[in-house]
1. Counting Lys and Arg as +1 and Asp and Glu as -1, what is the net charge of the other residues whose Cβ lies under 13 Å from the Cβ of residue 54?
2. Restricting attention to the chain, give the cysteines that have no other cysteine Cβ less than 4.7 angstrom from their Cβ.
3. Counting each DSSP H run of 4 or more residues in the chain as -39500 (n - 2.57), what helix-only mean residue ellipticity at 222 nm follows after dividing by all residues, to the nearest 500 deg cm²/dmol?
4. Do any trypsin sites (Lys or Arg not before Pro) in the stretch 11-65 lie in a loop, going by DSSP, with at most 10 other beta-carbon atoms within 10 Å of their beta carbon, and if so which?
5. For the stretch 84-151 and the stretch 61-75, compute the distance between their C-alpha centroids and round to whole Å.
6. Which one, 47, 153, 113, is farthest towards the positive end of the dipole of the chain when Lys and Arg carry +1 and Asp and Glu -1 on their Cβ?
7. For every other residue with a beta carbon closer than 14 angstrom to the beta carbon of residue 16, add +1 if it is Lys or Arg and -1 if Asp or Glu, then tell me the sum.
8. Give the cross-link partners of residue 23 among the aspartates and glutamates, using a straight C-alpha distance below 17 Å as the criterion and excluding same-chain residues fewer than 8 apart.
Amino acid sequence: MADRDETKRFEVIFDAEGDNRAKFRNDVKVHLRGPYAVSYDLPTDEGGIHGGDGTAPYPLAYFTSSLTACVMTQLRAFAKRLNIPIGGFSVKTRCHWEAQQRGNAPYESAPVAFTMDVDVEGDVSEADKRRLLDAAQKGCFIEQSLKPGLVRHRLKVGDRWVDA
């Protein structure tokens, strides 16, 4: 029988290939590699302000959705592992960037702040909510790929929001 404290290692590998034939429409195929291999078509486009036709979500829409869904997935998965009985929950994410452009030169972008408000339903103590959110943050591959400290979290405790 395996020791419960045994460290297990696993890899998560995604590959993508994109194709652009005109304007800002990108047709991207993303592949999860390994024993549970699957592929997805995730097209992107830009709106008219950039010269696109708006035929697909912006790339940053996928990023924002991915960050939100990743943390949500970990909340659900780790609530079970940590034996924290949660009901439903909601997460509101705001991704904020700024860009600078001089004249007609290409602009340069930088992240300003990414904030996530997490509202866990059910009779769960603040300590358990914090423990669960901490685990979800550490388990979210996307958040762990970002500059440390860039994503800020708040938990709903009663009727107020507290920094987590």
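1. Local net charge: -1.
2. Here 95 come out as lacking a disulfide-compatible partner, given the Cβ-Cβ threshold of under 4.7 Å.
3. For the chain, the value works out to -8000 deg cm²/dmol.
4. 21
5. After rounding, the separation between the Cα centres reads 9 Å.
6. Toward the positive end, the furthest listed residue is 153.
7. That sum, taken over residues with Cβ under 14 Å, equals -3.
8. Excluding near neighbours in sequence, the set is 45, 46, 53.
Each reported figure results from applying straightforward, stated rules to the coordinates on display, with no laboratory input. In this text the structure is predicted, and so the values were computed from the model without any measurement. In this analysis, Cβ positions are derived from the backbone assuming ideal geometry, glycine residues included, and neighbour counts consider all displayed protein chains.
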